[in-house]
1. Can you tell me what the convex hull of the Cα atoms of the stretch 44-135 projects to on average, as an area in nm²?
2. Might you tell me the accessible area per residue for the stretch 45-177, computed with a 1.4 Å probe and given in Å²?
3. Would you calculate, for the chain, the mean residue ellipticity at 222 nm contributed by helices, counting each DSSP H stretch of 4 or more residues as -39,500 (n - 2.57) and dividing by all residues, to the nearest 500?
4. Counting Lys and Arg as +1 and Asp and Glu as -1, each charge on the Cβ, what is the dipole of the chain about the Cα centre in debye, to the nearest 20?
5. To the nearest whole percent, what portion of all C-alpha pairs in the stretch 112-177 is separated by more than 17 angstrom?
6. With springs only between Cα atoms under 10 Å, which of Thr165, Thr50, Thr21 fluctuates most in a Gaussian network model of the chain?
7. Between the stretch 23-81 and the stretch 128-177, how far is it from one alpha carbon centroid to the other, in angstrom?
8. Would you kindly compute the Cα radius of gyration of the chain and its largest Cα-Cα separation (Dmax), both in Å?
Amino acid sequence: MLLAVLHRDDRREGYYRYRGTAKPDKTAVRAEKTRKLLRDNKQRISFNATSMRALSVRLNQQIAQALCDGLKVTRLAEAAELSRWAVRTVGLSADDMVPSGLPAEQRLAEIRQLKSELAELEESKTSLEDHRLNLLAGARRPGVLDDYELAALSGLQRETIRKITWGVQPESGAIPA
């Protein structure tokens, strides 16, 4: 804060004039940070979901191609960490496959690789959803943002936000000061 004493010739006494800028309201700053964090989180979750869909499609195509190449359902189920029923269903859904001629071990390695990438994306999704829950609880409990604005920023319904944040204590530093 900077105060300056100014004297004028036409006045006998000095007066103070504030020359600084007012400090921003802490709740307004916190609300804006929360908005930005929730927008970023929503975008990351959306990107993650898109990546998971694309990877699931590739995995299903690889499984269907492996079935077309003559691999056994049990072996594919073990490699893909899926049930035999799920592998059969994927195989039945793809009817335009032609045998590729790739070795079975190479096809199984590709399926294992896709499955591990899918598992990493699942972990990332869980982490992002936990972070979103923490942000929502940190903004809702002290009343930084109302439920409707939180719903718009997070992509969840207002009732869902109320249910998932019920009783959740936000971690310290969920919303940086």
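1. Result: a mean projected hull area of 6.2 nm².
2. 61
3. Helices in the chain give a 222 nm mean residue ellipticity of -22000 deg cm²/dmol.
4. Computed about the Cα centre, the dipole is about 840 debye.
5. Summing the P(r) tail past 17 Å for the stretch 112-177 gives 46 percent.
6. Taking springs between Cα atoms under 10 Å, the residue moving most is Thr21.
7. 21
8. Calculated on Cα positions, Rg and Dmax stand at 28.4, 102 Å.
The values are calculated or read from the model by the stated rules, or taken from the named source; none is laboratory data. Everything numeric here is computed off the predicted structure, so don't read it as measured data. Note that we place each Cβ from the backbone using ideal geometry, even for glycine, and neighbour counts take in every protein chain shown. Protein only, heavy atoms only, side chains kept; ligands, DNA and RNA dropped before computing areas. Shrake-Rupley method; radii C 1.70, N 1.55, O 1.52, S 1.80 Å.
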